[in-house]
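Here is the structure we will look at, set down as C-alpha cells.
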Amino acid sequence: MTVTRSVVLGCGSYLPSRVLTNSELSKMVDTSDEWIRQRTGIRERHIAAEGETTSEMALKAARAALAAAGIDAQSIDLIVLATSTPDNTFPASAVSVQAGLGITHGAAFDLQAVCSGFVFGLATVDGLLKSGAFKRALVIGSETFSRILDWNDRATCVLFGDGAGAVVLEVRSEPGTREDRGILSASLRSDGRHKSKLYVDGGPSSTQTVGHLRMEGRAVFKHAVVMITDVIEDTLKAAGYTAADIDWFVPHQANQRIIDDSAKKLGIPPDKVITTVAKHGNTSAASIPLALTCAVADGRINRGDLVMMEAMGGGFTWGAVLARW
Ligand code: ACO
C-alpha cells in the first residue's frame, strides 16, 4: 500500500563571512577561550555584517538548497521560515525570501519556536504537504541572534552565532516499506511554565522594543537532556525504530555537553553524531539545516540514511523529526 511522504530533495546553507573567535570575545567581556570551550565546545561563531538581515541570509541558503536539489524556484509553492530574529515585526521575513526568489504563487510565512523552529517547521510543512495543499516546500532556519544579545553579559553573548540553512521538500508517493524515503515521524512539545528560563526581555506588545536575550543557563541545561531524549524515544517508537537504527543524529547545536549527554543516554555512538557547534556556536533555528548541509557536503549523510533531528529551546519548546534521506 503506497503512502504519502515529504521527501528531502536537497539542502543548503549560508554563513556570514565575519568569524568571531573566543579569544576576541575575551577582550570584550570577562571570559576565556578555555572557559567557553570547556563549558560549551564552542571555538568561534559567524556574525552578520552590519545591515545584513535574516531574510537576506535565508534567501542565500534557499538558493543553495534549490541548486543542490536541482529544482527551479518557480516549482516551490510553500516557504516556511523559522526565525526568532525577523527583519521586522511584520511582514514575515518569509515573504521577502519569496519575493527574492521571484515567486508570486503559493504561501510564505514565518514560524517562531526559537531553537526548535526548524524541527517545528519540518513537522508543520510535512502536515501541509501530506494534506495535499502544497507540493514543494522550502523550510528555512535563519537567525541574526547577534542583534538580540546583550554584549555585556558574558553568560549569554559567548553562546550564539548567526547563519541560515534550508531544505527543499517534495510530497511523493512511496511504496510503504522500511525503505521509504521522507519524513517518517515527528513529535512536537511545549511547556510554557518554563517561559522565563530563556526569553527576550522586549517585544512589540510589552515594551515596544526588540529587547535582549536572557537565560537561566543551568536550568536550561538541567531540562534539556531529559526533554530531548524523551521526545526522541517517542519519535523512534512512532516509526517502529530504535536508537540503534539511526545512521545520523543531527541535534540542535546548543552546547557540546548537551549533545554528548543526550547521545550517550540514547546509546548513539559519537561517530554517528553530527556536530558543528565548535565552528557555528548556537545559531538557534538555523543550526540543524547548517549541520545537515555540512554532513551532506562532506559525504556522511547519503540517500537512504536514517536521520534523527532534534531541538529544544525557549518556551520551552522541543521536538524531533525522523527522516530517511
Ligand atoms: N566566562 C567565564 N565565566 C562565566 C561565563 C563566561 N562566558 N559565563 C558565566 N560565567 C561564570 C558565572 O558568572 C559563574 O560564576 P560564579 O560561580 O562566580 O557566580 C560561573 O561561571 C558558573 O556559572 P553557571 O551559569 O553556573 O555555569 P555553567 O557551568 O552552568 O555553564 C552554560 C553555563 C554554559 C550557559 C550552561 O549552563 C549551559 O550550557 N546551559 C545550557 C544553555 C544553552 O545551551 N542555551 C542555549 C539556548 S537553549 C538551547 O538551545 C537548548
(request) With 5 Å bins from zero, work out the P(r) of segment 3-174 over every alpha carbon pair and list the percent per bin. (result) 1, 9, 17, 19, 17, 12, 9, 7, 5, 2, 1, 0
(request) With a/c under 1.5 counting as rounded, go ahead and sort segment 182-324 into rounded, prolate or oblate using the C-alpha gyration tensor (a ≥ b ≥ c being the square roots of the eigenvalues; past the cut-off, prolate if a/b is larger than b/c, else oblate). (result) prolate
(message) Tell me the Rg and the Dmax, in Å, that the Cα atoms of segment 110-216 produce.
(response) 17.7, 55
(request) Mind ranking 2-15, 235-248 by how tightly packed they are, going by the mean number of other C-beta atoms within 10 angstrom, highest first? (result) 2-15, 235-248
(request) Pairs of lysines 8 or more apart, or on different chains, with alpha carbons under 29 Å: count those in the chain, would you? (result) 28
(message) With both bridge residues required to lie in the chain, what share of the DSSP beta bridges run antiparallel, to the nearest 5%?
(response) 75 percent
(request) With springs only between Cα atoms under 10 Å apart, run a GNM on the chain and tell me which of Ser196, Ser205, Ser187 wobbles the most. (result) Ser205
(message) I need the shape label for segment 37-97. Rule: rounded when a/c is under 1.5, else prolate if a/b > b/c, else oblate, with a, b, c from the alpha carbon gyration tensor.
(response) oblate
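Lys and Arg at +1, Asp and Glu at -1: add these up for the other residues within a Cβ distance under 13 Å of Ile268 and post the number.
On the way: positive: Lys264, Lys265, Lys272; negative: Glu233, Asp245, Asp247, Asp260, Asp261, Asp271, Glu310.
So the environment of Ile268 carries a net charge of -4.
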(request) With a ≥ b ≥ c taken as the square roots of the eigenvalues of the C-alpha gyration tensor of the chain, please select rounded if a/c is under 1.5 and otherwise prolate if a/b is larger than b/c or oblate if it is not? (result) oblate
(message) Please give me the summed charge of the neighbours of Leu81: other residues whose Cβ is under 11 Å from its Cβ, Lys and Arg +1, Asp and Glu -1.
(response) -3
(request) For segment 87-100, take each phi angle, set θ = phi - 60°, evaluate the Karplus expression 6.51 cos²θ - 1.76 cosθ + 1.60, and give the result in whole Hz per residue in order, putting x for glycine and proline. (result) 4, 9, 4, 8, x, 4, 4, 4, 6, 5, 5, 4, 5, x
(request) Find out how many positive minus negative residues lie around Cys157, taking Lys and Arg as positive, Asp and Glu as negative, among other residues whose Cβ is under 11 Å from that of Cys157. (result) 0
(request) Return the percentage of antiparallel bridges among DSSP beta bridges fully within segment 3-174, rounded to the nearest 5 %. (result) 70 percent
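Coordinate-derived values only; no laboratory data. The structure displayed is predicted, hence computed values, not measured ones. Because the Cβ atoms are built from the backbone with ideal geometry, glycine has one as well, and the counts that use them run over all protein chains shown.
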